[in-house]
1. Tell me which label goes with the value of semi-axes √(5λ) of the Cα gyration tensor in Å computed from the coordinates here: (i) 48, 33, 22; (ii) 41, 27, 24; (iii) 38, 30, 19.
2. Among the lysines, select those whose C-alpha is under 23 Å from the C-alpha of residue 375, and discard any that sit fewer than 8 residues away in the same chain.
3. Suppose we keep just the DSSP beta bridges with both residues in the chain; what percent of those would be antiparallel, to 5?
4. Could you tell me what percent of the accessible area of segment 286-344 is made up of carbon and sulfur, with a 1.4 Å probe and every protein chain present?
5. Using the Cα centre as the reference, give the magnitude of the dipole from point charges on the C-beta atoms of segment 161-219 (Lys, Arg: +1; Asp, Glu: -1; all else neutral), rounded to the nearest 20 debye.
6. Treat each spin label as a single point 7 Å out from the Cα along the C-beta direction, and report the residue 346 to residue 164 distance in nm.
7. Answer with one residue from 151, 210, 253: the one whose Cα lies farthest towards the positive end of the charge dipole of the chain, charges on Cβ with Lys, Arg +1 and Asp, Glu -1.
8. If you roll a 1.4 Å probe over the heavy atoms of the protein chains, what accessible area per residue do you get for the chain, in Å²?
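The values are calculated or read from the model by the stated rules, or taken from the named source; none is laboratory data. Because the structure is a prediction, the values reported are computed rather than measured. Cβ: placed from backbone, ideal geometry, glycine included. Neighbour counts: every protein chain shown. These accessible areas exclude ligands, DNA and RNA; they are computed on the full protein's heavy atoms, side chains included. Shrake-Rupley method; radii C 1.70, N 1.55, O 1.52, S 1.80 Å.
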Amino acid sequence: MGGEGTSDVPLLRIAGVAKAFPGVLALKGIDLELWAGEVLALLGENGAGKSTLIKILGGAHQPDEGTLELDGKPLEIIQPADSQAAGIAIIYQEFNLVPGLSARENIFLGQETTRAGFIVADEERRRVDELFERLGADIDPEVPCGELSVAEQQEVEIAKALSQNTRLIVMDEPTAALSPSEVERLLQVVGELKAQGIGVIYISHRLNEIFEIADRVMVLRDGERAGTRPIGEFTRDSMIEMMVGRSIDQEFPKIFAKLGGERLTVNALSRGNRVRDVSFGIRSGEVLGLTGLVGAGRTETARLIFGADHPEGGTIELDGKRLQIRSPRDSVTAGICLLTEDRKAQGLVLGQSVRENFGLPNLPSFARLGFIDQKREAKALDVHVDKLRIKLTGPDQSAGTLSGGNQQKVVLAKWLERNAEVIIFDEPTRGIDVGAKYEIYQLINQLAAAGKAILMISSELPEVLGMSDRILVMHEGRLTGEITDVANATQADIMRLAVGTADMAA
């Protein structure tokens, strides 16, 4: 165990913590221990209680019952300042940085080094250099955070935490938007924090990371602790089973549909250096995986097909008919839909209801004399709620209050109502728990069985290998290879193509 040998008392102890919200018991008698120098993975499906627990640690919520201890002494956290003063830092998925301020200014925001009322920038720079050296980060401290990569912004957040003499860091989905090389770098940073005696609570849906970095794993299910074990006592299957509360035969329940004729044909599609002479086809019933490193041109290709961006060259055909796609409206009318990488920013209007989001691309079907027939709209939505097993309190529930998996299903529902023939999934399971992932995979199987043509863009190589009939790999805007024998392919085969060191794989 991480740092158990250095002390008889855990760094953090949570005992019997419970928290209720109107109509929901979010946490039920949670016990947790974290030792100095230990990485404790906190896992569970969306809605399991993870966010509530870390918000209690961060001072955003107060528990209704239970106690917290730090170094064996009672710990009371009424507000975020109490958490910070105790040496606890929470790094959320959405970074708490001011884009227009430099890395240095963000790190010392609210705790500036001053002399006679003036900020002593030289002293701050010296301290920042020490912090970045401690993390092994190569970042110019004077560059505005808005110009840094996601990985660099994350390192600034960690440096900010360390500047406050933090002893415990909570990381919430820290690798969700990182490339494989950036993920590896972050895991190295976590290892360095661990070596320095800092306790880390690590939340992620990416199980391969958990096996690489965690000392122990604690699983929450429906607000209760389902179990805590050393990482060595878990397999992937047993970890998933503990999270979802049932046995899942396969992590990737691929069903091979009968393949028909080519439906979508893309020929020599180009836009600057982002997409260069890309050509491929997708058959009826086929799931075509498209992968590559971040910036390879995958999402840019999807946007060109969907009409969100305008190509400089190339053609797109559906069922042998050449399409003139000038906007997403043209694409939707033709029968092509896109489930975007960022469903919250681009796929949904979070402040509107599920019914309103569902109806947006389908207004002509529900309009009568210039007015929306809300009953008809809600009735159509009910069909998809049942079919897709969308969990919601009612059609007027705000889309922003749904879990990630249910938000993804709402986006899919609005396109299925349009009877889309080509469905582009861009990172379909990003930020979604394993139970919801399984359901999304089953939906992909159903769509393929119905003769749809599916383009699945993903950075998750096990997902690409597990759910694709065929795989295309991109590097610097070009297709660098095609993998047709997916059953015998490996992640290494994909990576060789993704970094441009191979020309073809069979």
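1. (ii)
2. Output for residue 375: 387, 391, 409, 414.
3. On the way: 45 of 79 bridges.
Counting DSSP beta bridges with both partners in the chain, the antiparallel share is about 55 percent.
4. Numbers: 1110 of 2520 Å².
Percent of accessible area from carbon and sulfur atoms in segment 286-344: 44.
5. Details: 5 positive and 8 negative charges, 40 e Å.
Roughly 200 debye, rounded to the nearest 20.
6. Going from the residue 346 label point to the residue 164 one covers 3.3 nm.
7. 253
8. Numbers: 22320 Å² over 506 residues.
About 44 Å² of surface per residue is accessible.
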